[in-house]
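**Q** The structure that follows is given in the form of structure tokens.
The values are calculated or read from the model by the stated rules, or taken from the named source; none is laboratory data. Owing to the predicted nature of the structure, the values given are computational and were not obtained by experimental measurement. Cβ atoms come from the backbone with ideal geometry, glycine included; neighbour counts cover every protein chain shown. Surface areas here come from the heavy atoms of the whole protein model, side chains and all, with no ligands, DNA or RNA. Shrake-Rupley method; radii C 1.70, N 1.55, O 1.52, S 1.80 Å.
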Amino acid sequence: MANASNTTAPTQFIQTKLEKYAYRRFGKGPGLPLLCLQHFTGTLDNWDPAVTDPLALGREAILFESAGLGRSTGQVPENMAGMAAHALAFVDALGLKRLDILGYSLGGMVAQQVALERPSLLHKMLLVAIAQIKAFRAWEQYSGERFAKLGKITQPCLVVNGVFDNMIPVRNSYMLSEHLPNAMLLTYPDAGHGSLFQFHKSFVRQASLFLDSEGIN
């Protein structure tokens, strides 16, 4: 499994109570499984092996196509709760009881919803280029209610963003790390929405240290 890669791992399918999902599962190590949730309209092939493959050296990486995307069946939900329901149905079908999540862009919002709905499942989160919980296009509409919900997410979180992200401005990541009770913030210079791919060596190093550590303190 040392040579496991997103480019060579077979695409598998699993039928759940909701839909049939496409996924790839590769890697091995002592770390908890890492569920990777992709950006808006993203598929398995949108994950850069320069990020996924090194992370899979210390743990199993699981890439997931949600409903209505790529090779999965169904329709794309219109809200975060619906997207989280598909992620949870997929995880339950695999029989996973505890895991970490790497959520990129929209996937980070889904990860937050998963953390709220089933906190016992989630160990740690990496939230890369994300907004607050609500709908994808409502990220500028901050509210006390939304911040109160963030306060309920107590898992260690690593919040990552590029300082020139035009889709999810870096100020959102500052707000997110401020209101998550157990969060660290990592920003990359001269980087936009895909900072984890632009600075993939640094991101993998920081992400691995975060996932392998006992805590963030």
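**Q** Leaving ligands and nucleic acids out of the surface, order TYR21, TYR174 by accessible area at 1.4 Å, largest first.
**A** Final ranking, largest accessible area leading: TYR174, TYR21.
**Q** Starting from 0.36 nm per residue, how many nanometres of slack lie between THR7 and ASP190 once their C-alpha separation is accounted for?
**A** Details: separation 183, 0.36 × 183 = 65.88 nm, distance 2.83 nm.
The span from THR7 to ASP190 would gain 63.1 nm if fully extended.
**Q** Using Cα pairs under 8 angstrom and six or more residues apart, how large is the relative contact order of the chain, in percent? Walk me through the numbers before you get to the answer.
**A** Details: 470 pairs, mean separation 36.7, N = 217.
Computed value for the chain: 17 percent relative contact order.
**Q** Antiparallel versus total DSSP beta bridges in the chain: what percent is that, nearest 5?
**A** Numbers: 10 of 32 bridges.
So the antiparallel bridges in the chain amount to around 30 percent.
**Q** What's the carbon and sulfur percent of the chain's accessible surface, probe 1.4 angstrom, rounded to a whole number?
**A** Working: 4970 of 9460 Å².
Answer for the chain is 53 percent, counting heavy atoms of protein chains only.
**Q** Quick one: longest stretch of the chain between exposed loop GluC sites (Glu not before Pro), exposed meaning at most 13 other C-beta atoms within 10 Å and loop per DSSP? Intermediate values should be presented prior to the final figure.
**A** Values: sites that count: GLU78, GLU140, GLU214.
By the stated rule (loop sites, at most 13 other Cβ atoms within 10 Å), 1-77.
**Q** For the chain, compute the orientation-averaged projected area of the C-alpha convex hull (one quarter of its surface), in nm². Display every interim value, and only then the final one.
**A** Working: hull surface 42.7 nm².
The directionally averaged projection comes out at 10.7 nm².
**Q** Could you tell me which residue out of ASN166, SER195, THR52 lies farthest along the dipole of the chain toward its positive end? Charges go on the beta carbon: Lys and Arg +1, Asp and Glu -1, centred on the Cα centre.
**A** In the chain, that residue is THR52.
**Q** Shifting gears a bit: If one computes the Cα centroid of the stretch 154-217 and of the stretch 69-87, what distance in Å separates the two points?
**A** Taking the Cα centre of the stretch 69-87 as reference, the centre of the stretch 154-217 is 25 Å away.
**Q** Just the number please: accessible area per residue for the chain, 1.4 Å probe, all protein chains included, in Å².
**A** Details: 9460 Å² over 217 residues.
Counting only protein heavy atoms, the per-residue value for the chain is 44 Å².
**Q** Continuing with this model, one more query. Roughly how many debye, to the nearest 20, is the charge dipole of the stretch 1-100 about its Cα centre, given +1 on each Lys and Arg Cβ, -1 on each Asp and Glu Cβ, and no other charges?
**A** On the way: 9 positive and 9 negative charges, 70 e Å.
So the magnitude is around 340 debye.
**Q** In nm², what is the average projected area of the convex hull enclosing the Cα atoms of the stretch 59-135?
**A** Numbers: hull surface 20.1 nm².
Result: a mean projected hull area of 5.0 nm².
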